[in-house]
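**Q** So that we are looking at the same thing, I have put the structure below in structure tokens.
The values are calculated or read from the model by the stated rules, or taken from the named source; none is laboratory data. Computed from a predicted structure; not experimentally measured. When we count neighbours, we look across all protein chains shown, and the Cβ atoms used for this are built from the backbone with ideal geometry, even at glycine.
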Amino acid sequence: MELRCWGGDWGLPSVHPECLVVLAYARFADAQLNINLVDYTWTSPKGAAPVLLFNEREIAQPSNIISFFRKQKYNADYVLSAKDGSDTLAYIALIEENILPAMLHTFWVDAENYSSVTRPWYAARTPFPLSYYLPGKMSRDALNRILVTKGQPPLYSINEIEAQIYKDAKECLNLLSNRLGSSTYFFGSTPTSLDAFVFGYIAPLYKAPLPKVHLKEHLKQLSNLCQFCDHILSSYFSQNASGTSPAGQEAIDANLQKLTQLVNKESILIAKMDNNLRRSPQNRPQKLATLQPTSDGGIGNSAQPLTP
Amino acid sequence: MSLVTDAFVSQIAAVEPWPENATIYQPMKSEQVLLSDNASCLAVQAFLRMCNLPVQVVCRANAEYMSPSGKVPFIHVGNQVISELGPIVQFVKAKGHSLSDGLDEVQKAEMKAYMELVNSMLLTAELYIQWCDEATLEEITQPRYSSPYSWPLNYVLVVQKKWEIKRKMKAIGWAGKTLEQVYEDVDQCCQALSQRLGTQPYFFNKQPTELDALVFGHLFTILTTQLTNDELREKVKGYNNLNAFCRRIEQNYFEDHDKDSASGYSTRLTKGPVLP
């Protein structure tokens, strides 16, 4: 089995949440993967990751890949009862509805984070002309997803939605922290697919060196979730997670570094242009975030006085 | 802006008791309402009945456009208008009525998770079947959705709504799914709900919560609605405890109330769209 995924950085085996979910599950289930990192060569041009290649078949999306692993007898969930299996499905839905939008926003929509961290990182790992297009496309897709799923009247603009999605994400992190309690994993002492999903979605927030960090600050206060990430990283990803040989890896790394430097220069220019273009005030989100009520909040956004 | 409104609304809401003339607005039940809207309306009605809060049901052809969020149903209480189950639950809680107060933190997390599961699987599947399956769109959705309007508005609105839903499906990765895969997802969701419910009367044993209201709204609507084929209904019918669960809520919260309110104002129940 071959897995195509985005590479690692910041102490993580992959910086891309969905790739991280798949990698974590593969480790938990002890599945041997031949990992093919997306890099600046044209071997995996579309930037579609994670994708599992098996006997000419291509399987995309983490949930499909995980159910494929199960069919191949790489099952990390065999310890779960039927009810636990249902809970897993429900919590995954919770994470996808509440943490994913804020995660996408933090990495791909927030202008400061995007131009100083996300864009240079992904551009450095994409072949030359595509590196000018792909990060932008991923950013537009992320914004579109947030607007389409969360943007309903009376929240039309991204600034208004932003306050709501961060509030939802913080509440969801609190719920997960409560659910985890003091146990090592969500269902006792062995990791399961839910652990893979939670790890995949929160570890990048926890580890990424982002300039704007309000969700990270919140996450850091939930010490059991942070310990959970550290614990998985140390017990399952302590050595180099990639499957390529060390020598080849070094060559790639050296090349990558050169390329990163080039792209960084480029991106500083682009960031400047970006900032000029995006005239929306960038300090506003932070202000809103600090205003947020703690947990059970008030009435949802769609309440408003009646004007007859 | 919503944060200020939130704080304001909860302040106001806390002081005023639940008024006698609270109203819930929803689309016309016999000729207009669609599967997904009906499920949402029924969920809110079930929730308010579980809280024992009287509410008058009013059907309006333009309910969707009256709603502050563009989604049905919405309630009009005092001088407030609130739409959709989530905000309504919070509003009612601010008034001092809550179904989930007895739950501990872990159970609350679990309840929230299952509600997201229902919304992300069942609701999305209903929308997919209504708007992306050509047969259903042509036979049921189009005539019903456009019923209050005359040409050319009836076409314009349907196309507009269809694009809106398709855009959403594309964004969440459902655009490439086939109808079969959607039915599979519904089955998976029902299986999860069935296993979670087990032999208990409600999801958190004796006491119903907003999760029960939401699940009831969706499953009851699917069970009582005739679509172009029976596949969706058969998926739900396969789970006996879920069927019994729907009957239980119907008996406990809808039939009794109907008898009680025979002399009162019209709290009439809509039991799913009566589709051709």
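**Q** Would it be correct to say that A:LYS170 is at pLDDT below 90, under 18 Å from the mean Cα position of the chain (by Cα) and part of a helix (DSSP H, G or I)?
**A** Numbers: at pLDDT below 90: no; under 18 Å from the mean Cα position of the chain (by Cα): yes; part of a helix (DSSP H, G or I): yes.
No; evaluated as a whole, the condition is false for this residue.
**Q** Mind listing whichever residues of the range A:76-127 are part of a helix (DSSP H, G or I), over 14 Å from the mean Cα position of the chain (by Cα) and within 13 Å of chain B (Cβ to nearest Cβ)?
**A** A:ALA82, A:LYS83, A:ASP84, A:GLY85, A:SER86, A:ASP87, A:THR88, A:LEU89, A:ALA90, A:TYR91, A:ALA93, A:LEU94
**Q** Now a separate question. Which residues, taken from the range B:138-174, are among the aliphatic types (A, V, I, L, M) and within 20 Å of the chain's Cα centre (by Cα)? Give the steps one after another, and end with the answer.
**A** Going through the range B:138-174, the residues among the aliphatic types (A, V, I, L, M) turn out to be B:140, B:153, B:156-159, B:165, B:169, B:171-172.
Scanning the range B:138-174 gives B:ILE140, B:ILE165, B:MET169.
**Q** Of these, B:ASP187, B:ASP212, which one is among the charged types (D, E, K, R), over 25 Å from A:ASN144 (Cβ atoms) and within 14 Å of chain A (Cβ to nearest Cβ)?
**A** Working: B:ASP212 fails: within 14 Å of chain A (Cβ to nearest Cβ).
It is B:ASP187.
**Q** Picking from B:VAL44, B:VAL106, B:VAL92, which residue would you name as being surrounded by fewer than 22 Cβ atoms within 10 Å (Cβ to Cβ), within 14 Å of chain A (Cβ to nearest Cβ) and within 24 Å of B:VAL215 (Cβ to Cβ)? It would help to see each step written out before you state the result.
**A** Working: B:VAL44 fails: surrounded by fewer than 22 Cβ atoms within 10 Å (Cβ to Cβ); B:VAL92 fails: surrounded by fewer than 22 Cβ atoms within 10 Å (Cβ to Cβ).
When all the criteria are applied, what remains is B:VAL106.
**Q** One residue is enough: does the range B:179-197 have a residue meeting the conditions loosely packed, with under 15 Cβ neighbours inside 10 Å and either in a loop (DSSP other than H, G, I, E, B) or touching a Ser or Thr at 6+ places or on another chain (Cβ under 8 Å) (or both)?
**A** no
**Q** Identify, by number, the condition in (1) under 25 Å from B:PHE47 (Cβ atoms); (2) within 10 Å of chain A (Cβ to nearest Cβ) that B:SER100 doesn't meet.
**A** Condition not satisfied by B:SER100: (2).
**Q** Here's something else I'd like to know. Checking the structure you have, find out if any residue of the range A:177-193 is over 26 Å from A:TRP10 (Cβ atoms), within 8 Å of chain B (Cβ to nearest Cβ) and surrounded by fewer than 18 Cβ atoms within 10 Å (Cβ to Cβ).
**A** Yes, because at least one residue in the range A:177-193 is over 26 Å from A:TRP10 (Cβ atoms), within 8 Å of chain B (Cβ to nearest Cβ) and surrounded by fewer than 18 Cβ atoms within 10 Å (Cβ to Cβ).
**Q** Also: Name the one entry in B:ALA175, B:ALA171, B:ALA192 that is under 28 Å from B:PRO87 (Cα atoms), modelled with pLDDT under 90 and within 14 Å of chain A (Cβ to nearest Cβ).
**A** Working: B:ALA175 fails: under 28 Å from B:PRO87 (Cα atoms); B:ALA192 fails: modelled with pLDDT under 90.
Every option except B:ALA171 fails the conditions.
**Q** In the range B:149-168, what count of residues is obtained for those that are surrounded by fewer than 15 Cβ atoms within 10 Å (Cβ to Cβ), in a helix (DSSP H, G or I), away from chain A (no Cβ under 14 Å) and not aromatic (Phe, Trp, Tyr)?
**A** Quick first cut of the range B:149-168, residues surrounded by fewer than 15 Cβ atoms within 10 Å (Cβ to Cβ) only: B:150-153, B:155-156, B:159-160, B:163-164, B:167.
Retained after the next criterion (residues that are in a helix (DSSP H, G or I)): B:153, B:155-156, B:159-160, B:163-164, B:167.
Subsequent filtering for residues that are away from chain A (no Cβ under 14 Å) retains B:153, B:155-156, B:159-160.
Then drop every residue that is not not aromatic (Phe, Trp, Tyr), which leaves B:153, B:156, B:159-160.
Residues in the range B:149-168 being surrounded by fewer than 15 Cβ atoms within 10 Å (Cβ to Cβ), in a helix (DSSP H, G or I), away from chain A (no Cβ under 14 Å) and not aromatic (Phe, Trp, Tyr): 4 in total.
**Q** So which residues in the range A:194-212 are touching a Phe, Trp or Tyr at 6+ places or on another chain (Cβ under 7 Å) and either among the basic types (Lys, Arg) or surrounded by fewer than 18 Cβ atoms within 10 Å (Cβ to Cβ) (or both), if there are any at all?
**A** Within the range A:194-212, A:LYS207, A:PRO209 meet the criteria.
**Q** Here are some residues: B:LEU137, B:LEU127. Which one is within 13 Å of another protein chain (Cβ to nearest Cβ), modelled with pLDDT of 90 or more and either surrounded by fewer than 19 Cβ atoms within 10 Å (Cβ to Cβ) or in contact with a helix residue (DSSP H, G or I) (Cβ under 7 Å, 6 or more places away or on another chain) (or both)? Talk me through it step by step, then tell me what you get.
**A** Working: B:LEU137 fails: within 13 Å of another protein chain (Cβ to nearest Cβ).
Within the list B:LEU137, B:LEU127, the selection yields B:LEU127.
Every residue, every condition in (1) touching a Pro at 6+ places or on another chain (Cβ under 6 Å); (2) closer than 23 Å to B:LEU193 by Cβ; (3) buried (at least 23 other Cβ atoms within 10 Å of the Cβ); (4) basic (Lys, Arg), yes or no:
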site: A:GLN72; (1), (2), (3), (4): no, no, no, no
site: A:ASP84; (1), (2), (3), (4): no, yes, no, no
site: A:ILE92; (1), (2), (3), (4): no, yes, yes, no
site: A:GLU97; (1), (2), (3), (4): no, yes, no, no
site: A:PRO101; (1), (2), (3), (4): no, no, yes, no
site: A:TRP108; (1), (2), (3), (4): no, no, no, no
site: A:ALA123; (1), (2), (3), (4): yes, no, yes, no
site: A:PRO129; (1), (2), (3), (4): no, no, no, no
site: A:TYR133; (1), (2), (3), (4): no, no, no, no
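**Q** Being without any contact (Cβ under 8 Å) to a residue 12 or more places away in the chain and either under 12 Å from A:ALA196 (Cβ atoms) or not in a helix (DSSP H, G or I) (or both): is that true of A:LYS73 here? Break it down into steps so the answer makes sense when it comes.
**A** Numbers: without any contact (Cβ under 8 Å) to a residue 12 or more places away in the chain: yes; either under 12 Å from A:ALA196 (Cβ atoms) or not in a helix (DSSP H, G or I) (or both): yes.
Yes.
**Q** I've got another one for you. Kindly state which strands (runs of 3 or more DSSP E) lie completely within the range B:34-95 and contain at least 3 residues that are more than 19 Å from B:GLU250 (Cβ to Cβ) and modelled with pLDDT of 90 or more. Show your work before the answer.
**A** On the way: elements: B:56-59, B:74-77, B:80-83.
Filter on the range B:34-95 gives B:56-59, B:74-77.
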